[in-house]
Structures are given as structure tokens and as C-alpha cells.
Amino acid sequence: MILLAVLVTVVYGGYAEHELGIGAPWSYTVGLGFVVCLLGSVLLHELGHALVARRYHIGVRGITLELLGGWTEMDRDAPNPRVDALVSLAGPLVSFVLGAAATGAALVLPERTVAGEIAFQLAASNIIVALFNVLPGLPLDGGRALRAGLWALLKDRNRATEGAAWAGRGIALLTALAVITLYQLRILTLFGVIFLLFVTFTLWQGAGQSIRLARMTRRFPLIDLARLARPLIAVPSGTSLAEAQRRAQQAGTERAGLAVADSSGRVIALVDINAAAAVPDARRPWVAVDAVARDLTRVPVLAVGLTGEQVVKAVQAHPGAQYAVTAGEDVVGVLHVADLAELLEPRRLARRAAAR
């Protein structure tokens, strides 16, 4: 972000110095002003998404700005295809309006002046962004609108997301071919090619993330904490790590989690699997489980009755390696995030295992 802002400031400042006759450092001040105007355009684009989302009672957690784009984080998905389409297209509509207003200003203002040139650049950038953004492929806004249409047709949001994401990958490939062709025709400079290929790569990656998310979301109903959580082997406080692990093996439960219990048998801490694994075998008889355990007050808690979507949102909100699973006031198991990942992305983990 910072490097791109500096680059645009320098390039536009050099243009202002040589073409508009503005001496340094004022020419680079003009370049910086253009960067600020671009950020303002991106902010208004994202506010278009945010305000329409709030109009339909979808909470907005925040807006992240970048020089060439941004994204609006919402607290939930659109409730139906119509709202999804309206929220998606609000941003490009704002960009079109900004581009039209800047075009009008550029036509009125004198040529080869600072105000006229900035108006022209803003008009071009907003219209180009709007046109590119409405292309029908995720993660572009037009891809979200396509997803809304497929959602209405297929009655399945996840399948619609995956279809729109594959369309996004197709657009990324076509864009890359167009960029290379334009370079061979000497229409684009090498800098333009590198920049546009970077944009294309970002589009490809974003589409891939959408495909991955759709496949994961489709498996949310499979999340059942009562079955997914590992049973607990509780040992008294002060027990050596080696003895605790021996008891777990003796119980015949390889997937069991280790816990520390007080004198009344109540679970008060969970053994951290990573901390325990880091202790050398020779030292485990001399290290108490308490030394590699986390107090329950510091461990994220998941209730057995949570839905799959609620479990994933809780894990995203409180990242960690393991979670205490409770039924009422009792700790009934431990969820390892690796087990959740294996359930949600079996193919991804299988490919990693094969690569090893």
C-alpha cells in the first residue's frame, strides 16, 4: 500500500513537473493530492456497499482501504439473492457516479492545469474501476451479482459462490492473455504489464479463496461438537507429563486430550498440545502437567449445542490450537483446530500429505 502510494506520487509528480510546468516539490505535492483523491474514491465506493448493507440490517464491522480497491467486512451474509445483488452493485454505481462527475469537471476546467488533470485522472480511474468491477466473476462486485443470480436459480448459495468464483478465474486468465497481447502490440509498457499482471494474480487468488470458502461452508452441517471433540483424560494437579501421557495410552484413547483436575475432580486446565510436544522425552517424567497447561479461564470455550457456522465464527474470532467443549458447566471434551480443519478441507490436507 505504502510503496504503491509512493510510486503513484512520484510518477504523477514527475508528470506534473514536466507536462504542467510545476516545479518540485510542489509537483510531488500534486501527486500526493492525487493519491488522496484515489483513496477518497475507494472509500466512497466501499461506503456504497456498507450503507446499502446497513439499509437491509446487515452489520458492517469495518472498511479496509487500499489504493486500488478495498473491502467491506460485514457481520453476516445477505439473507437473499436480491439483497446480495443490491449490496454488490452499490459500489460500482458509486464509482460510475464519481466518474461521471469528474468527467463533467474535466470538460469544464481548462486543459493542462492541475485541477483539470486531476479531474481527468479521477474520471478515468473511477470509470475503469467501475467497468472492471462489474465483470461477472468473484471476487469482483459483478461476480457477487452473478452469485446472487445463480443463487436465485440454484437455490444453493454455496454452489452459486463456487460457480461465480470459477467465472472469476476465467476472467483472470482472459485478462492475462489480453495484457500479454497488448504488450506484444506495444500498446502497454513493461511497467503496465507488471502492474496489470499483479492485478490479475490478485483476482486469481481471490477467486480461489472464494472456491475454498464455498467448499468449506458446504461442510458446516457436518460439524457436530459432541462427536468432533476429543474426550478428556483428567489427571490431578502435579502429575508428571510422562505419567499423564501413560494414563492416556493405557485408557486406549489415542485421540484423547489431557486435562488437569483439582482435588474434587473438576477440570481446571487443559494441557497445551504444542507445549507438551516441545518437552523432550527425557524431561517429561520431571515436568508437571501444570507447566504445559492453560487455565480454563484462558482457553476459548465452545458449547456443545453450537451450529457449524457458529463454531467456525467462534474459532475465527478467537484463533487458537484447541478449545474447551462444554455441556452446561461441565467440560466434556477438547476441540483441536486441526480436527476441524481436517473435517472442513479434507482434500487440501490430503494434497499436503501427498506432497510430503
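For q values of 0.23 Å⁻¹, compute log₁₀ I(q)/I(0) with the Debye formula on a Cα-only model of segment 107-210, without solvent.
Debye output, listed in q order: -1.10.
When a/c is below 1.5 the answer is rounded, else prolate if a/b is larger than b/c, else oblate, so apply that to segment 225-355 with a ≥ b ≥ c taken from the square roots of the Cα gyration tensor eigenvalues.
Verdict is oblate for segment 225-355.
For the chain, take the longest principal axis of its alpha carbons; what is the angle in degrees between that and the long axis of helix 114-133, to the nearest 10 within 0 to 90?
50
Taking neighbour counts of Cβ atoms within 10 Å as a proxy for exposure, in what order, fewest first, do Trp286, Trp166 appear?
Working: Trp286 11, Trp166 16.
Neighbour counts put them in this order, fewest first: Trp286, Trp166.
Would you work out which of Val36, Pro110, Gly23 lies farthest towards the positive end of the dipole of segment 1-130? Charges go on Cβ: Lys and Arg +1, Asp and Glu -1.
Farthest towards the positive pole: Val36.
Could you pull out the trypsin sites (Lys or Arg not before Pro) across segment 172-216 that fall in loop regions by DSSP (anything but H, G, I, E, B) with no more than 11 other Cβ atoms inside 10 Å?
Arg186
Please determine, in degrees from 0 to 90 and to the nearest 10, the orientation of helix 2-19 with respect to the longest principal axis defined by the Cα atoms of the chain, where the helix direction is its Cα long axis.
10
List Val199, Val6, Val94, Val87 from most exposed to least, where exposure is judged by having the fewest other Cβ atoms within 10 Å.
On the way: Val199 16, Val6 13, Val94 22, Val87 27.
Going from least to most buried by this count: Val6, Val199, Val94, Val87.
For segment 225-355, what is the charge dipole size about the Cα centre, in debye to the nearest 20, if Lys and Arg each add +1 at the Cβ and Asp and Glu each add -1 at the Cβ?
The calculated dipole for segment 225-355 is roughly 420 debye.
So which trypsin sites (Lys or Arg not before Pro) in segment 50-104 are both in a DSSP loop and have at most 16 other Cβ atoms within 10 Å of their Cβ?
Arg76
At q = 0.09 Å⁻¹, what base-10 log of I(q)/I(0) does the Debye formula yield for the chain when every alpha carbon is treated as an equal point scatterer in vacuo?
Per q value, in the given order, log10 I(q)/I(0) is -0.71.
Which one, Ala314, Gly265, Leu296, is farthest towards the positive end of the dipole of segment 225-355 when Lys and Arg carry +1 and Asp and Glu -1 on their Cβ?
Final value for the positive-end residue is Ala314.
So what is the 222 nm mean residue ellipticity for the chain from helices alone, if each DSSP H run of at least 4 adds -39500 (n - 2.57) and you divide by all residues, rounding to the nearest 500 deg cm²/dmol?
-20000 deg cm²/dmol
Would you mind working out the magnitude of the charge dipole of the chain relative to its Cα centre, with +1 at each Lys and Arg C-beta and -1 at each Asp and Glu C-beta, to the nearest 20 Debye?
Dipole magnitude for the chain comes out near 1060 debye.
Between Ser264 and Val337, with labels modelled 7 Å along Cα→Cβ, what's the label distance in nm to one decimal, could you check?
About 3.2 nm, to one decimal.
Using Cα atoms only, what is the angle between the long axis of helix 26-55 and the major principal axis of the chain, expressed in degrees (0 to 90) to the nearest 10?
So the inclination is approximately 60 degrees.
Work out Dmax and Rg for segment 196-284 from the C-alpha atoms and quote the Rg first, both in angstrom.
When restricted to Cα atoms, segment 196-284 yields Rg and Dmax of 20.8, 65 Å.
Taken together, the values in this text are just the output of simple stated rules run on the coordinates, not laboratory data. No experiment lies behind these values; they were computed from the predicted model shown. Neighbour counts are summed over all protein chains in view; Cβ atoms, including those assigned to glycine, are modelled from backbone coordinates with ideal geometry.
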